[in-house]
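In what follows, a structure is listed as structure tokens, so that the remarks can point back to it.
The values are calculated or read from the model by the stated rules, or taken from the named source; none is laboratory data. This structure is a prediction, so every number in the text was calculated from the model and none was measured. Backbone-built Cβ (ideal geometry, glycine too); neighbour counts: all protein chains shown.
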Amino acid sequence: MTLSHVASVERELWLPLRRHTQARIGLGRAGSGLPTHHRLELQAAHAAARDAVHSPFEPDVVAAALRGEPTVRVRSAAPDRLTYLQRPDLGRRLDPADRAHLPVGEWDVVFVVADGLSSRAVHEHGAAMVRATTALLPTAWQVAPVVLAEQARVALGDDVASAMGAAMVVVFVGERPGMSAADSLGAYLTYRPKPGVTTDADRNCLSNIRPPLGMAYETAAGKLAGLMGRARELGATGVALKDDSDAQMLASDPA
Amino acid sequence: MSTYTSTLGGHSYRFGSLARLLAAASPERSGDRLAGLAAASAQERVAARWALADVPLTAFLAEPVIPYDTDDVTRLILDTHDTGAFAAVAGLSVGGFREWLLAADSGELAAVAPGLTPEMVAAVSKLMGNADLVAVARKVRVVTAFRSTIGLPGRLATRLQPNHPTDDPAGVAAALLDGLLLGSGDAVIGINPATDSPKAVRDLLELLDGVIQRYAIPTQSCVLSHVTTSMDLMAAGAPVDLVFQSIAGTQAANASFGVTLGLLDEAYEAAKGLGRGTVGSNVMYFETGQGSALSADAHHGVDQQTVEARAYAVARRYDPLLVNTVVGFIGPEYLYDGRQILRAALEDHFCGKVLGLPMGLDICYTNHADADDDDIATMLTMLGVAGASFVICTPGGDDIMLNYQSASYHDALYLREVLGLRPAPEFETWLASIGLLGEGGEIRDVSGTAHPLTAIGRELVA
């Protein structure tokens, strides 16, 4: 077998097949192992996913991209990343000191931008989603200052909304990174959450927000604003919120 | 409830129940800490092991870790306990049982299995080192069959997992071809579908059945959907080979999966009735994994490894073809890093095998766990030495549907090469018949040639 022969099989067989799947097929072999460049490509993808998990959240990046919208910064009860990864219960609760700083009001909605498992996703897409969604809300709605939350899981939004008196909360959170997507953002909508009582079945979720490969901002914001309007009419989210939009899903496994 | 005490380093330690003692004796892992069950210190952990070593095996029959009246898995364990088989070890303590297991031969291990409960096996595993877990599991051979025979000495089977995020048939077929050309698929060709819609599941079943029939591949397919979906599809005449279900070690955790023992009984009878196996009649496929009961808030204060072992009592009832723990799938809040995942993999494999199950593994991690491809290689090597029945393989070790990292087809080739392991005999004969087996029994590298199987792919492109 010559190298040019391998190249022609690659061209005739595997290149057309790869149009049908992102799976790492037709990698070839070196003995029983992988060819060097495929091994290194896998390591590069894994490194990007690992770095996304461990890169520190930089609220300044999101605040700057929000261009003057008021923000509040909070931390969860998880003091560091290592604890955060092992103690999801702590990531769901506000640091008590930060709870006191949250502005209480007659808020119709509060947006929480939470690092979750990928701060990269939040840095790249968080502010854009807050802006795109806010732009679609009725002008009469009282929108609370955007809460930027560190070491935070989805349910931290319950604590935030409850402390601020907000009628509903939208949590934009960095999703668990896969090797082919380390920057995917999820959005979780919950009406009148009660910390410790509200469950994942009470939320509606949009996932894989990551243009250009995943869902576009305008598409996601449109679906979300529609859900928010219906949630307000119905006074509920989650299993109770029936939606004719094809992308509406119930939250199943939030970060 | 009994209390258990021990003294270590001048400190006296007290454990208020058998469940507390088992949890405190468990090796360090993040899930037990999350559940508030872990030992408070390294010394307390060892003190618990000293106390556990003296507990007679009969104590596990007298004091269920989850009450008999409230949990049907406990009832299953106690009601089906084989006292005759237990007699060989009935006089032993947990510490004595460890020594008995290390000294026993394959015949003695097979004979005692029906007399053991999951709690006894979980308990003894807590006194064992990683090497002990390998040494004992290696002696246990559990042989099952459908269209291929799994678990024979010197063999390692693989599950070919051609998942696709939208169940696109062309994408699945492309990944299926990739796996077959790398000699994979003798345990099962198994897809995790993106939805549980009966139509989508049936389409995939028919696609797999078509390839298996057309190329006369001695293997079985499975589209991993809920047991009720499989039952409806069997009734509708879909080509179901194996019935799949995720199971756990408590009634409440199984309820969170939407299953009961009664439902599993029904599915088992239905699948047996189809008679689709050619060399055997094992028709069930179960997946398990540490942390699922805690995740469902259904662990009853029992540590995650003991609850996992109880899931094997559920599996054992149905004489399954395949059982695998998806060991690192749930995430670092249950198993933090490569070290914890390896330990759990060895424990699960050991407990399953000693209880009489055809144990395989999905050796895997998520990207937020502290693990990498070297951990996969380490786990594979140890589990290969321990005699795992099968491992799950994905293209390049990267599952694009479930977003986690598993072993690759190349990893399975490596393991067969370094340990001299061969595929299931029927599959090996088929591999030879289509020119994929080299003279030394190895899988030939056909990546540079137009192999006949590539017709699967060429038709896609056309």
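Identify, from the list B:ASP105, B:ASP54, B:ASP32, the residue that is within 24 Å of B:LEU346 (Cα to Cα), acidic (Asp, Glu) and buried (at least 19 other Cβ atoms within 10 Å of the Cβ).
Values: B:ASP105 fails: buried (at least 19 other Cβ atoms within 10 Å of the Cβ); B:ASP54 fails: buried (at least 19 other Cβ atoms within 10 Å of the Cβ).
It is B:ASP32.
Tally the residues that are within 19 Å of the chain's Cα centre (by Cα) and either within 14 Å of chain B (Cβ to nearest Cβ) or of a type in the set (Gly, Ala, Ser) (or both), restricting the search to the stretch A:65-77.
2
For B:ASP362, which of the numbered conditions (1) more than 14 Å from chain A (Cβ to nearest Cβ); (2) surrounded by fewer than 20 Cβ atoms within 10 Å (Cβ to Cβ); (3) among the acidic types (Asp, Glu); (4) under 30 Å from A:PRO177 (Cβ atoms) fails to hold?
Here B:ASP362 clears every test but (2).
Just checking, does the stretch B:241-253 include any residue being more than 19 Å from B:LEU321 (Cβ to Cβ), surrounded by fewer than 17 Cβ atoms within 10 Å (Cβ to Cβ) and in contact with a helix residue (DSSP H, G or I) (Cβ under 9 Å, 6 or more places away or on another chain)? Spell out how you get there, then give the answer.
In the first step, residues of the stretch B:241-253 are kept if they are more than 19 Å from B:LEU321 (Cβ to Cβ); the result is B:248-253.
Keeping just the survivors that are surrounded by fewer than 17 Cβ atoms within 10 Å (Cβ to Cβ) gives none.
No, the stretch B:241-253 contains no residue that is more than 19 Å from B:LEU321 (Cβ to Cβ), surrounded by fewer than 17 Cβ atoms within 10 Å (Cβ to Cβ) and in contact with a helix residue (DSSP H, G or I) (Cβ under 9 Å, 6 or more places away or on another chain).
Can you tell me which residue among B:GLU28, B:GLU44 is closer than 30 Å to B:GLY338 by Cβ and in a helix (DSSP H, G or I)?
On the way: B:GLU28 fails: in a helix (DSSP H, G or I).
On inspection, the qualifying residue turns out to be B:GLU44.
Among the residues in the stretch B:82-101, are any over 27 Å from B:ASN254 (Cα atoms) and in contact (Cβ under 8 Å) with a residue 60 or more places away in the chain?
Scanning the stretch B:82-101 turns up at least one residue that is over 27 Å from B:ASN254 (Cα atoms) and in contact (Cβ under 8 Å) with a residue 60 or more places away in the chain.
Return a yes/no flag: does the stretch B:425-434 have any residue that is among the β-branched types (Val, Ile, Thr) and surrounded by 15 or more Cβ atoms within 10 Å (Cβ to Cβ). Before you say what the answer is, go through the steps one by one.
Just the residues of the stretch B:425-434 that are among the β-branched types (Val, Ile, Thr), to begin with: B:429, B:434.
Cutting the leftovers down to surrounded by 15 or more Cβ atoms within 10 Å (Cβ to Cβ) gives us B:434.
So far as the stretch B:425-434 goes, yes, one or more of its residues are among the β-branched types (Val, Ile, Thr) and surrounded by 15 or more Cβ atoms within 10 Å (Cβ to Cβ).
So B:ILE66 ticks every box in (1) in contact (Cβ under 8 Å) with a residue 40 or more places away in the chain; (2) within 24 Å of B:ALA24 (Cβ to Cβ); (3) part of a helix (DSSP H, G or I) but one. Which box is left unticked?
Single failed check for B:ILE66: (3).
Report, by residue number, each residue of the stretch B:425-450 that is part of a loop (DSSP other than H, G, I, E, B) and within 11 Å of chain A (Cβ to nearest Cβ).
Initial filter on the stretch B:425-450 (part of a loop (DSSP other than H, G, I, E, B)): B:434-436, B:438-442, B:444-450.
Passing the criteria: B:GLU442, B:ARG444, B:ASP445, B:VAL446, B:SER447, B:GLY448, B:THR449, B:ALA450.
If you go through the stretch A:21-37, how many residues are more than 7 Å from chain B (Cβ to nearest Cβ) and either part of a loop (DSSP other than H, G, I, E, B) or closer than 26 Å to B:ASP167 by Cα (or both)? Before the answer, list the steps.
Here is the first cut: in the stretch A:21-37, the ones more than 7 Å from chain B (Cβ to nearest Cβ) are A:30-31, A:35-37.
Filter once more, so that each one left must be either part of a loop (DSSP other than H, G, I, E, B) or closer than 26 Å to B:ASP167 by Cα (or both): A:31, A:35.
Matching residues across the stretch A:21-37 total 2.
Can you give me the ranges of the helices (runs of 4 or more DSSP H) entirely in the stretch A:94-175 with at least 3 residues that are more than 18 Å from A:ALA64 (Cβ to Cβ) and either more than 14 Å from chain B (Cβ to nearest Cβ) or among the acidic types (Asp, Glu) (or both)? If you could, list the steps in order and put the result at the bottom.
On the way: elements: A:96-99, A:119-135, A:156-164.
Answer list for the stretch A:94-175: A:96-99, A:156-164.
Identify the residue in the stretch A:151-167 that is crowded, with 24+ Cβ neighbours inside 10 Å and of a type in the set (A, V, I, L, M, F, W, C) and, among all such residues, is nearest to A:ALA187 (Cα to Cα). Can you show your working first?
Looking only at the stretch A:151-167, we keep the residues that are crowded, with 24+ Cβ neighbours inside 10 Å, and these are A:151-161, A:166.
Right, trim to of a type in the set (A, V, I, L, M, F, W, C) and you get A:152, A:154-156, A:160-161, A:166.
Numbers: A:ALA152: 14, A:VAL154: 9, A:ALA155: 12, A:LEU156: 13, A:VAL160: 16, A:ALA161: 15, A:ALA166: 17 Å.
Out of the qualifying residues, it is A:VAL154.
Look at the stretch B:165-184 and say how many of its residues are β-branched (Val, Ile, Thr) and in a loop (DSSP other than H, G, I, E, B).
Looking only at the stretch B:165-184, we keep the residues that are β-branched (Val, Ile, Thr), and these are B:166, B:172.
Adding the requirement that they be in a loop (DSSP other than H, G, I, E, B) leaves B:166.
Matching residues across the stretch B:165-184 total 1.
Could you check how many residues of the stretch B:198-246 are acidic (Asp, Glu) and closer than 18 Å to B:GLY258 by Cβ? Reasoning before the result, please.
Taking the stretch B:198-246 first, the residues acidic (Asp, Glu) are B:203, B:206, B:209, B:232, B:241.
Restricting the remaining residues to those that are closer than 18 Å to B:GLY258 by Cβ gives B:232.
Selection size over the stretch B:198-246: 1.
Condition first: more than 27 Å from B:GLU28 (Cβ to Cβ) and either among the charged types (D, E, K, R) or in contact with a strand residue (DSSP E or B) (Cβ under 7 Å, 6 or more places away or on another chain) (or both). Now tell me which residues in the stretch B:278-314 satisfy that.
B:VAL279, B:GLY280, B:ASN282, B:VAL283, B:MET284, B:TYR285, B:PHE286
Identify the residue in the stretch A:17-41 that is among the hydrophobic types (A, V, I, L, M, F, W, C) and surrounded by 21 or more Cβ atoms within 10 Å (Cβ to Cβ) and, among all such residues, is farthest from B:VAL418 (Cα to Cα).
Filtering the stretch A:17-41 down to residues among the hydrophobic types (A, V, I, L, M, F, W, C) leaves A:17, A:23, A:25, A:27, A:30, A:34, A:40.
Then keep just the ones that are surrounded by 21 or more Cβ atoms within 10 Å (Cβ to Cβ); that gives A:17, A:23, A:25, A:27, A:34.
Numbers: A:LEU17: 31, A:ALA23: 27, A:ILE25: 24, A:LEU27: 21, A:LEU34: 16 Å.
My answer is A:LEU17.
Restricting attention to the stretch B:271-282, report how many residues are surrounded by fewer than 18 Cβ atoms within 10 Å (Cβ to Cβ) and either hydrophobic (A, V, I, L, M, F, W, C) or within 26 Å of B:GLN304 (Cβ to Cβ) (or both).
2
Exactly one condition in (1) surrounded by fewer than 24 Cβ atoms within 10 Å (Cβ to Cβ); (2) within 14 Å of chain B (Cβ to nearest Cβ); (3) assigned to a helix (DSSP H, G or I) is not met by A:ASP183; state its number.
Condition (3) is where A:ASP183 drops out.
Looking at B:ASP265, B:ASP196, B:ASP203 in this structure, which one is in contact with a Pro (Cβ under 9 Å, 6 or more places away or on another chain), farther than 30 Å from A:ARG29 by Cα and surrounded by fewer than 18 Cβ atoms within 10 Å (Cβ to Cβ)?
On the way: B:ASP265 fails: in contact with a Pro (Cβ under 9 Å, 6 or more places away or on another chain); B:ASP196 fails: in contact with a Pro (Cβ under 9 Å, 6 or more places away or on another chain).
The match here is B:ASP203.
Go through the residues of the stretch B:437-459 one by one and say whether even a single one is crowded, with 24+ Cβ neighbours inside 10 Å and in contact (Cβ under 8 Å) with a residue 60 or more places away in the chain. Break it down stepwise before answering.
So the first thing to find is which residues in the stretch B:437-459 are crowded, with 24+ Cβ neighbours inside 10 Å, and the list is B:457.
Restricting the remaining residues to those that are in contact (Cβ under 8 Å) with a residue 60 or more places away in the chain gives B:457.
Yes, the stretch B:437-459 contains at least one residue that is crowded, with 24+ Cβ neighbours inside 10 Å and in contact (Cβ under 8 Å) with a residue 60 or more places away in the chain.
With B:LEU453, B:LEU383 as the choices, which residue is more than 9 Å from chain A (Cβ to nearest Cβ) and over 29 Å from A:ALA49 (Cα atoms)? Write out each step before concluding.
Numbers: B:LEU383 fails: over 29 Å from A:ALA49 (Cα atoms).
Within the list B:LEU453, B:LEU383, the selection yields B:LEU453.
Which of (1) crowded, with 24+ Cβ neighbours inside 10 Å; (2) within 23 Å of B:HIS226 (Cβ to Cβ); (3) within 18 Å of the chain's Cα centre (by Cα) is the odd one out, the single condition B:LEU156 does not satisfy?
Single failed check for B:LEU156: (2).
Out of B:THR195, B:THR219, B:THR228, report the one residue that is outside any helix (DSSP H, G or I), under 25 Å from the mean Cα position of the chain (by Cα), among the hydroxyl-bearing types (Ser, Thr, Tyr) and over 26 Å from B:ARG458 (Cβ atoms). Talk me through it step by step, then tell me what you get.
Details: B:THR219 fails: over 26 Å from B:ARG458 (Cβ atoms); B:THR228 fails: outside any helix (DSSP H, G or I).
That would be B:THR195, the only listed residue that is outside any helix (DSSP H, G or I), under 25 Å from the mean Cα position of the chain (by Cα), among the hydroxyl-bearing types (Ser, Thr, Tyr) and over 26 Å from B:ARG458 (Cβ atoms).
So which helices (runs of 4 or more DSSP H) stay within the stretch B:304-423 end to end and still have 3 or more residues that are at pLDDT 95 or above, under 28 Å from B:LEU21 (Cβ atoms) and of a type in the set (Phe, Trp, Tyr)?
Values: elements: B:304-316, B:338-354, B:373-385, B:409-419.
Hits in the stretch B:304-423: none.
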